[in-house]
1. Just checking, which of P78, P43 is outside the structural domain of E135 (by TED's automatic domain parsing) and more than 25 Å from A171 (Cα to Cα)?
2. Do any strands (runs of 3 or more DSSP E) lying entirely in region 73-174 carry at least 1 residues that are acidic (D, E), under 27 Å from A58 (Cα atoms) and modelled with pLDDT of 95 or more, and which ones are they?
3. Can you pull out every residue in region 11-38 that is more than 23 Å from R172 (Cα to Cα) and part of a strand (DSSP E or B)?
Amino acid sequence: MVDIRRLQAICERGLDPLGLELVELEYVREPQGWVLRVFIDYPPAGTEGDDDLRSRIAHGDCERASHQLSAVLDVEDPIDSAYRLEVSSPGVQRPLRRQRDFARFCGHLVRVELAEPLDGRRRFAGRLVATQPGEGSETEAGGDGMGANGTITVDVDGKQFELSIEGIKKARLDEDPRGVSASGA
């Protein structure tokens with residue numbers, strides 16, 4: 001069995017010297033065999049909510065990261081079976097998981113699915129208008145950025161919903177680089 005947390009830590013250490021961050025990691029079995037998918041991005045360049053989706057990861061970045069991660073994974077050897085490594089950008093429908101992810105993309109269109117309903121609904125599609133770190137979250141001194149506590153506020157057709165980050169099952173950006181909703185909403 002592969003220890004996903006260990007795999008994430010190894011990949012984060014491998015990406016750090018390149019000035020890249022791990023967005024998401026998947027280890028899945030496909031018809032051709034096991035695949036380790038690593039989604040990378042640059043850390044935020046500006047202030048919260050001031051991120052430009054048009055100047056993100058390029059093919060060369062993925063190639064550099066792939067070579068670096070291959071070397072690190074060969075040394076650490078966290079996977080005992082054959083697998084294929086794929087390195088990619090997270091794309092315009094980037095997943096959002098940590099409080100710092102939400103803070104970074106404040107002002108953008110998002111789609112959020114909750115684990116449990118709030119006001120009779122689980123899915124929210126709208127503009128991320130605010131984030132609030134929770135006690136002991138990664139935005140406080142000494143935090144690691146991996147925390148899932150705190151809240152976000154999503155504006156859906158003029159009505160604002162405050163959602164607990166730890167209650168979120170899935171969340172992602174919902175726009176393309178031109179600022180248009182990717183889902184047509």
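1. Details: P43 fails: more than 25 Å from A171 (Cα to Cα).
Just one listed residue meets the conditions, P78.
2. 83-88
3. R29, E30, G33, W34 - these are the residues of region 11-38 that are more than 23 Å from R172 (Cα to Cα) and part of a strand (DSSP E or B).
The values are calculated or read from the model by the stated rules, or taken from the named source; none is laboratory data. On a predicted model such as this, the values are computed, not experimentally measured, just so you know.
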